[in-house]
1. Okay, helix-only estimate at 222 nm for the chain: each DSSP H run of n ≥ 4 adds -39500 (n - 2.57), divide by all residues, round to 500 deg cm²/dmol; what do you get?
2. Can you list which of the DSSP-assigned H helices in the chain have a Cα extent of 24 Å or more along the long axis and an average Kyte-Doolittle score of at least -1.0?
3. Rounded to the nearest whole Å², what accessible area per residue is found for the range 8-108 with the 1.4 Å probe?
4. Hey, which aspartates and glutamates would be in cross-link range of LYS182, C-alpha to C-alpha under 16 Å, not counting anything within fewer than 8 residues on its own chain?
5. Can you list the lysines whose alpha carbon sits under 17 Å from that of LYS200, skipping same-chain ones fewer than 8 residues off?
6. Take GLU237 and ALA39, extend 7 Å from each Cα along the Cα→Cβ direction, and tell me the distance between the two endpoints in nm.
7. Over the chain, what portion of Cα pair distances is larger than 28 Å, expressed as a whole percent?
8. Report the accessible area of ASP228, computed with a 1.4 Å probe over the heavy atoms of all protein chains in place, in Å² rounded to the nearest 10.
Amino acid sequence: MTGRPQPPGSWLRGTFLARLDTDTRGELLRLGTSRTISAGASFITQGMHGSDVFLLRAPTGPRAAFAKVSGVMANGSETLLAIRVAGDVVGEGAMFHADGTRSATVTACADIAVQSIARDTFLGFLSTYPKAYFALCALISECRDFANRRRLDFAAYSVKARLARVIFELLTVHGVPHGHGKKLGIELSQEELGKLVGAKPDSARDAMRRLRAEGLVQVRYRGVSAPDLDALLAAAEMD
Ligand SMILES: Nc1ncnc2c1ncn2[C@@H]1O[C@@H]2COP(=O)(O)O[C@H]2[C@H]1O
């Protein structure tokens, strides 16, 4: 659960665009076409075929640009797999899959500009800029590590500790300074946080109530903050 290096320029740290040097990033940003996706709209659908890769660009409204990656099971149950923010790339999965099937659904959580790049164009870019290819590999590997941690947490910890652990990790990666602690720069409901750790809505609400009662997290209209990250980490490691 360590922090990521500070980004060059204005791209959020740890994102694909932040990992590229200025020239390479400039080349990438020239590719494809840009469009706005409205909050709540899905632009990648699980199970569908697709070949474009999408770069999440700037917000087109006041809210931070981010998107949810979710998976839906045949029985209708939905799990939140990951959060992607401006500067990240999504849709690279189908580019590598032999049959081009989308592995998950990606939904905009705020009005965001998205740049879609055709598969062959993106592959051409990666072969011209090997450092970008390695940056993409590192990102995919980190996504796998995040997913593995959720799976390990599920086997080892209570809902309360799982929530403390994922909130700590999200604050470490996406948090902005807030008093002596940090605030999540993206808006996630308690139910969505619960879905990230495989908790049912009632259990997630109950566990969040306990974290709030212990003063470990504060929740204000989908904004989650932690006044003391060390205390949250201690709660995240005990169960
Ligand atoms: N566990 C995950 N973590 C982060 N991103 C994911 C995860 N699973 C799927 N995705 C993204 O969601 C996209 C769904 O379509 P693709 O399979 O083309 O590419 C996938 C990735 O970009």
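The values are calculated or read from the model by the stated rules, or taken from the named source; none is laboratory data. This one's a predicted model, so the numbers in the text were calculated from it and none came from an experiment. All Cβ positions, glycine included, derive from the backbone under ideal geometry; neighbour counts span all protein chains shown. Surface accessibility is based on the protein's heavy atoms, side chains included, excluding ligands, DNA and RNA. Shrake-Rupley method; radii C 1.70, N 1.55, O 1.52, S 1.80 Å.
1. -12500 deg cm²/dmol
2. Details: long enough: 130-156 (39 Å, 0.02).
Span-like helices in the chain: 130-156.
3. With all protein chains present, the range 8-108 gives 46 Å² per residue.
4. GLU169, ASP228, ASP230
5. Those lysines meeting the cut-off are LYS160.
6. The two pseudo-label positions are separated by 3.7 nm.
7. When all Cα pairs of the chain are counted, 31 percent exceed 28 Å.
8. 70
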